[in-house]
Structure formats: C-alpha cells, structure tokens
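The values are calculated or read from the model by the stated rules, or taken from the named source; none is laboratory data. Just so it is clear, the structure is predicted and the values come from calculations on it, not from any experiment. Cβ placement follows ideal geometry from the backbone for every residue including glycine, while neighbour counts extend to all protein chains displayed.
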Amino acid sequence: MSARSEREQLSRELQAARGRIADLEQELVRRGRDPLTGVLSIESFRAHLGEEVQRSRRHDRPGALVVLEVDRIADVHRQHGFASGDALLRAVIQTLRAGTRAEDILARSGDARFALLLCDAGEQAATACVERLLADIEALKAGPVRDVSASAGVAPFGRTDDAVDLLERAGRALSDAQSAGGGRTVTASAQEPAGAGVVAEIQRRDAVEALAVALLERDRYTGEHSESVVEMAGKVAASLGLPRAQIEVVRSAALLHDIGKVGIPDAILNKPGPLTPEEREVMAEHPVIGERILRSIGGFASVAAIVRHEHESFDGGGYPDGIGGDKIPIGSRIILACDAYHAMTSDRPYRARMSHAEAFAELTRCAGSQFDPDVTAALVAHLYHQRVGRRVAAR
C-alpha cells in the first residue's frame, strides 16, 4: 500500500472513530448522562432528588444535598488546556465515586460543578464525608495538573424542604465557601441566612490568628520567623506563576507552618543546644501535629496539607512521609526553601548566622536533593534583586 493510500485509510478510520464517539455521546444524553464524565445530567438528578425528598418525608429519614465545584477551573484551562481540564474532571468523578456509597447519587451540574445526593446521611455524617472528599481531591494529580482544591455547600434535608429549596440552600452555601477563599465546606441549615458561611469563616480565621499569636508568645523566634517566611514565600509563589488564590493559600501555610510546635515540650522546643536523636524524633512530629490542628478548625484543608509536607525533601529523603518531586505540594516546596534560608541567616543560641552569600551557596548546593531546583532559582533571584534594590535605595 502506498503512503497516500495509508493516509487515506487512517483518515477514514479516524472519521469512523469520531462518528462512533459522537453516537456514544448522544446515547449517553438520551439516557440522561453527562457525555464527558458518564454521571447523571442535572435534569435526571433533579428527578432523583425530588423522589428522595418525598421518600425521606414518608419514612422520616435523613438526607443531604451537596453541591461541589472545582476551584479555579479557568486557571487549569488557561495553563494546561481544555483536554487537561477534562481529564481533571474525570479524575474528580472517580474520586467522588470512590469516596461515596453505591446508593448515593452523583451528577454533573455545570462546567466544574457536581451535585451529590447523600441518602440516609444526617448533617454531621454528610459534612464529615464532604471534608474527606475535598482532602482526596487535593491529593489528585491528573497529567500536569497538581494542587487542586474544591469547595462545597451542604444542605441537610429539612422537614418542609422540596428539591428547589435544597438546591438553593446548597448553592448558597457553596457561594459562601468560595467567597471565603475556596478549598472548604460550608453547611447551611434551613434557618441559616445567606452569608452565614462567611461569618463562620471569619470566626475560623480569628481562631487561626489566635493560634499564630499563641505560637509567638510561646516561642518568639518561631513566631517572628514564620512572619518573615510569609513575605518570601508569597514572592516566590508569584514568580513561579501561581494563581493569586493559590498564593494566598501558600502565604497562610507559611504563617502557620510551625504551628505544630505548640505540641512540642518546652524542654525540647527551647533547648539552647543541638537536639539528641531522640529529641529530634519528637521535634519531627510537629508537621503532623500542625496538620491535625488545622484540619480540626475546618476550612483549612489546603493549608493543612502544605503544613504536613513542609519538611519533605525533593529527593524523597524528608519527613513525615518520605515523598519527593512533584508529589510534594508546591506550597510545601516553597516554604521549605524559604524556611531554610531564613533559619540559616538567623542567629540561634547554639550557632551564629551564615552570611547571605553562604546561605545562597547552601541553597544552590542542595537544589535537586533537599530543595526543588525551580523554587531555589526563584528564591535566589528574589533575594538577589531585593538586596540590589536596597543598595540602590541606600545611595
């Protein structure tokens, strides 16, 4: 067969394959399914929701409606293309299916929005389920897409609710979660006014600020160190091209990256000399303690994940999980390098600080082993331009 004939044959086969795909998509639509993900369309879901609400009333059974949306999907499309965005949405569906029961009902209700009907689940169980789902979504890696987050609104069934009421309340709760920065769950009761989720988020932020103050009072070096790392981490995140909302998550994690030290004994935390191997083991628990503290507050799952992994090394030799490369959240990689630079250039009771040139050399030496090379380059460039700018201003 000639090259031209082969091309014509491949073209016919490709056209036939496209036709079969179009036929399958039409069949899914006829069956009330979303062509991209295979889950129910929103029209079919509404019918199921109405039936479940009636069944819940007749048998006095609990239930909850969840509306969940992937945060900043437009940024994914812009940075990685629509095909990668579609792959991410399919991965999200797999995560939602894996984290729910066979009797729960799932639908796609928008570009990156999904509706989930949790049968026989009260408010507490539904909220706990959704928090787990959001944590699982954060861990997703779909092709080049990393560091995903999602927001969710939960509407437990009320005695007088109909399907329209539930969709309205769940959607309002989702809007509150997104208005508060995303990456979190807001649960709305039947009596909860619009905006109550934002009030709850403000209260959570107040709690986090209180924790940061408590850390500062307990160990002034650690508290002031965290504040210094925030500025560096934000600049590095911006130079790496992270979206604005993700930069804010990184800044929050930088402020709280040592919060787990509130659970470390004073004798170890304030020891004037080097730690023994046993004491280092205790100190190495602080990232996990920090993650646990932040997850208990609620709404800080993305920050908690970064805090857990901020001592992981790029080559996999860090702790607590020994992961490496891009398996480490980008926020953790940024904070590790910024944290190390600030620690090296600070006086401590048991050692004098390094010069900036010595710290630069150490960062560069460890790029690719302890530190992400791209993060290291961005940090060194930021610090260099910062120091040059200070010299110019001083003239």
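Does at least one position in region 194-210 carry a residue that is modelled with pLDDT of 65 or more, outside any loop (DSSP other than H, G, I, E, B), more than 26 Å from Ala47 (Cα to Cα) and not assigned by TED's automatic domain parsing to the domain that holds Asp75?
Yes, region 194-210 has at least one match.
Within region 290-318, track down each residue that is at pLDDT 95 or above and aromatic (Phe, Trp, Tyr).
Phe314
Results for (1) surrounded by fewer than 20 Cβ atoms within 10 Å (Cβ to Cβ); (2) within 29 Å of Val186 (Cα to Cα); (3) touching a residue at least 60 places away in the same chain (Cβ under 8 Å); (4) of a type in the set (S, T, N, Q), shown as yes or no for each residue.
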residue	(1), (2), (3), (4)
Asn270	yes, no, no, yes
Pro277	yes, no, no, no
Met283	yes, no, no, no
Arg292	yes, yes, no, no
Phe300	no, yes, yes, no
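Considering every residue within region 74-82, establish whether at least one is touching a Gly at 6+ places or on another chain (Cβ under 6 Å), modelled with pLDDT of 85 or more and closer than 30 Å to Gly158 by Cα.
Looking through region 74-82, none of the residues is touching a Gly at 6+ places or on another chain (Cβ under 6 Å), modelled with pLDDT of 85 or more and closer than 30 Å to Gly158 by Cα.
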